[in-house]
Amino acid sequence: MSATVVTFVGSHHLEPEASMDGLVERNAAAPVTTVLLDTFDGRLHAAGLLAIVEETGAGTTELLVAGDGAVPVRLAVDARPRTAADLPVGPLPERIGRLLDVRVLLPVLEVRSRRRRLAVVDDEGKERVRVDVHVDVAVDVAGDRDDDGDAEHDDAADGAVFFVVHALVGYAADAARVRDALGRHGTRRVDGELPVALAALLDVDLRGISGTPGAELDRRQSALSGFRAVLDDLAATIDANRPGTIDDLDPEFLHDLRVAVRRTRSILGHARHVLPGTVRDRARSEFQELGTITSPARDLDVQVLEWDDLVSTFDAETAAALDPVRDLLVRRRAEAHDVLAAELSGTSCAELLDRWRAWLDEPDVDGGTQADDPLGEVVADRIERTQRRLLRDGRAIDDGSPAAALHELRKDAKKLRYLFECFASILPAAPRKRFVTRLKRLQDVLGEHQDAGVHAAQLASIARELHASGVEAETLVAIGRLVELQERRCTDARARFADTFDEYDSDRTEAALSKVLGKLRR
Amino acid sequence: MRTIALYSIKGGVGKTTAAVNLADAAARSGTRVLLWDLDAQGAATYCFRIRPHVAGGVRDLVRGSDGLERHVRATDRTGIDLVPADVTLRHLDLHLDRTKKPTRRIHRLLEPLRERYDLVVLDCPPGVTLATESVFAATDVLVVPTVPSTLSRRTLTQLTDLLDELVGRLPGGDGSGHPRMPAVWPFVSMLDRRRSLHHAVVAELIEHVPALLPTPVPTASVVERIGVERAPLAAYAPRHPATAAFDELWAEIARRLWLPPPAAATR
Ligand SMILES: Nc1ncnc2c1ncn2[C@@H]1O[C@H](COP(=O)(O)OP(=O)(O)OP(=O)(O)O)[C@@H](O)[C@H]1O
Ligand SMILES: [Mg+2]
């Protein structure tokens, strides 16, 4: 079966009407800007969906949502939509919102052209196949998707004519006839709508930039080269997410940047005998500082994101009484982001990242004593040690242990988790997933315990502030209930800890782990 | 996927007009619509300039040998596909009766298209037949055009009585996951604001029919032109009040179908 939409690129001006029966002009040539939208990490693309905005010279803006083989929809919008909330009530925001979650739609590729709309029309006046003809085509690629950093790609489209053939359900034969006719004219055929076809021609990767570590490794390569590849991949993630964090486009930029910083710190921690000491020490302290800078903004992001869920359990009056708290959090969040943006756009941050990536790019560097050991063995050692420590610390915790002991354990667990994530490509998939599932269960309880505790404390301090500024009593009472709720979450998590840890500290975890280690050392 | 049927016991009340224009309003707000013309007259099919032809006739359609998908045609309106009707549909009852569970047939035929469409709109012929029961079992909502007249409330009561009677007979009340009886959402069709009787009837409907969709569709000659233009109102009269009325009617239906009912706790 052929794709629903196929673009043909011709190098000279063809006269399609001349060669096809029944092809008539529906709209005369007019300027149009066609913008392909997706999240930074390509969620629509991954789901097989396309969101395209068309802006005409007449000032109308339409959103086309399609997917190959799917029924397309086209709707008038006021402006380029960024979130599902910008779409009219109905199934579309539901369909897209689930994918977007907290992410926003951003332009991936922008095409300016003059478009003529043609169609093959039968004697009932019904369209049987649509052909859009684009000339004077110029393309802009969003900076982060652009490999060579060259914003304009006029050359690729220069002088070319683009025929976009839309097959209609139930009229496949008509579309085939048009495609055959265009194919005979020495055109080049690319599947997809115009911006998708152009992306293919210009080598623009529509998969987007994911926060998941993606270094491709070999367990037999040297530890030094493996660690450096992981760190380089993380540095690229930090760099890629920095502009979106500075512009505060959506909370995932900061989230992914922050996680990449933490992973970097954690991997540096594991690299004691792999990287040269001076480089490692300096990087550790610098990335620690960078991590610290991001904390307040992320904490407030989380509080604001979780707010609606949290408050939804309350009655309408209590919820309304909490509005001043919400407003305060929203204001604080904005302030924290301003501070963060200033730090991230400052010279010292840029210098740190430049220097770090320059070192990671250097072809020959000296390493620590294990630099030349096989990567697999070093990673296996690190996993083993970290797990040993996690078990030791966990077993030492009893009902009387302070909260700090659980926080320490949470850090151990994170270090272990980051090893599994960053070196995923050399770990055997099945036992890795089994192990990570078990580890994640433990992390969830530890995370719940700590987050709820931190939120309770922060809310209590907000209550004190609002009290001093003379806020309504209802609000203070409502905050009291919110603090209680968080404290309960914290205590519940604490109560679940012992069983969850026992579940983790078991033969099954051990079995999965030894499979992983065996493969690494083989 | 949600399914609505434009249905009325009475003929000529504006079912097809509403089916075509609600489908169009839905598509223009981002809904993937399948409009199924169940009336042998093929008026909806005609409005979209599609040839009135059911491949293999109503017998193949009802049997679903190759699935409903093979009958689907894209319309000129992005987002609306249509299953055309032809004259063989006048034997719909006959062929339904020959299948195993006739009242569940339409539901069964639509099932494979669940992921493909967000909304199915059924344009029904008037009257009460076996096909009607099959429509009821397949739909979430009956959208009922109600022409303001002293008899309009009586017609609505007849419909709810009919549904009550069918509840007993249709598979559904037994908790087996079978389709249940649809909701009934009437709206006022062909309202003439100059006629005081119309105002009185509408006021009475508002008072006694809580599920009434609040937006009335006015009588307008531009609406009658659909059969000449052979396209939904928005294609040839985008700024006409009747077009706006169908858009608002759709927005109300969409809110009822897709917005969660306001929870007690939330603001
Ligand atoms: N709002 C309106 N203003 C003016 N004319 C209308 C309006 N709505 C419908 N009509 C006209 O009334 C007639 C009947 O409408 P329509 O075909 O939609 O009704 P129907 O219920 O589908 O009829 P049937 O029972 O025959 O299927 C048509 O000629 C149509 O153009
Ligand atoms: Mg009709």
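Past 19 Å, Cα to Cα, is the threshold; run A:Lys411/A:Lys515; A:Lys411/A:Lys440; A:Lys414/A:Lys440; A:Lys433/A:Lys519; A:Lys415/A:Lys440 against it and keep the listed order. Flagged as over cut-off: A:Lys411/A:Lys515.
Taking the Cβ of each residue in B:Val83, A:Val190 as the centre, tally the other Cβ atoms inside 10 Å and list the residues starting with the fewest.
Values: B:Val83 27, A:Val190 19.
If I rank by nearby Cβ atoms, fewest first, I get A:Val190, B:Val83.
With the highest mean first, a sort of the peptides B:130-139, A:493-502 on other beta-carbon atoms found within 10 angstrom per residue produces B:130-139, A:493-502.
Centroid-to-centroid, using Cα positions, the range A:310-328 and the range A:344-403 are 42 Å apart. Using only Cα atoms, tell me the angle between helix A:429-468 and the longest principal axis of chain A; keep it within 0 to 90° and round to the nearest 10. Helix A:429-468 and the main axis of chain A meet at about 80 degrees. Computed from point charges on the beta carbon alone (+1 for Lys and Arg, -1 for Asp and Glu), the dipole magnitude for chain A about its Cα centre is near 2120 Debye.
Binning the alpha carbon pair distances of the range B:2-258 at 10 angstrom intervals from zero yields the distribution 7, 32, 38, 19, 3, 0, expressed in whole percent. Once the Cβ-Cβ distance of B:Asp192 and A:Arg207 is raised to the sixth power relative to R0 = 60 Å, the FRET efficiency obtained is 0.55. Shielding of peptide B:76-83 by partners, expressed as the average count of other chain Cβ atoms within 10 Å per residue Cβ, is 5. Working from label points 7 Å from Cα in the Cα-to-Cβ sense, the B:Leu259 to A:Ala429 distance is 4.5 nm. Taken along its principal axes, the alpha carbon cloud of the range B:1-151 reaches lengths of 39, 37, 27 Å, longest axis first. Across all C-alpha atoms in the range A:271-427, the radius of gyration and Dmax reach 21.3, 66 Å.
For the peptide A:376-386, the mean number of other protein chain Cβ atoms found within 10 angstrom of a residue's Cβ is 0. The mean of 1/r over all distinct Cα pairs in chain A, once inverted, gives the Kirkwood hydrodynamic radius of 26.8 Å. Hydrophobic long helices, here whole DSSP H runs in chain B with Kyte-Doolittle means of at least -1.0 and Cα atoms spread over 20 Å or more along the helix axis, are found at B:152-169, B:241-258.
The range B:203-224 and the range A:262-291 have their alpha-carbon centroids 70 Å apart. How far is the Cα center of the range A:448-480 from the Cα center of the range A:66-121, in Å? Their Cα centres are 41 Å away from one another. Here B:Asp161, B:Asp37, A:Asp256 are placed in order of increasing Cβ neighbour count within 10 Å, fewest first, which gives B:Asp161, A:Asp256, B:Asp37. Normalising the Debye intensity of the range B:175-230 to I(0), with uniform scatterers on Cα atoms only, and taking log10 at q = 0.20, 0.23 Å⁻¹ returns -0.80, -0.91.
How do A:His467, B:His107, B:His95 rank when sorted from fewest to most other Cβ atoms within 10 Å of their own Cβ? Intermediate values should be presented prior to the final figure.
Details: A:His467 13, B:His107 18, B:His95 21.
Lowest to highest Cβ neighbour count: A:His467, B:His107, B:His95.
If eta is 1.306 mPa s and T is 10 °C, what Stokes-Einstein diffusion coefficient results for the range A:2-201, Kirkwood Rh from Cα pairs, in µm²/s?
After rounding, the answer is 91 µm²/s.
Dipole magnitude for the range B:2-258: about 280 debye, using +1 per Lys or Arg Cβ and -1 per Asp or Glu Cβ, origin at the Cα centre. Shielding value for B:41-54 is 1, the average number of Cβ atoms from other chains within 10 Å of each residue's Cβ.
The alpha carbons of the range A:374-522 occupy a box of 67, 29, 22 Å along the principal axes, longest dimension given first.
Taken together, the values in this text are just the output of simple stated rules run on the coordinates, not laboratory data. Every value quoted in this text rests on a predicted model; they were computed, and no experiment measured them. For neighbour counting, all protein chains shown are included, and Cβ atoms are generated from backbone atoms with ideal geometry for every residue, glycine included.
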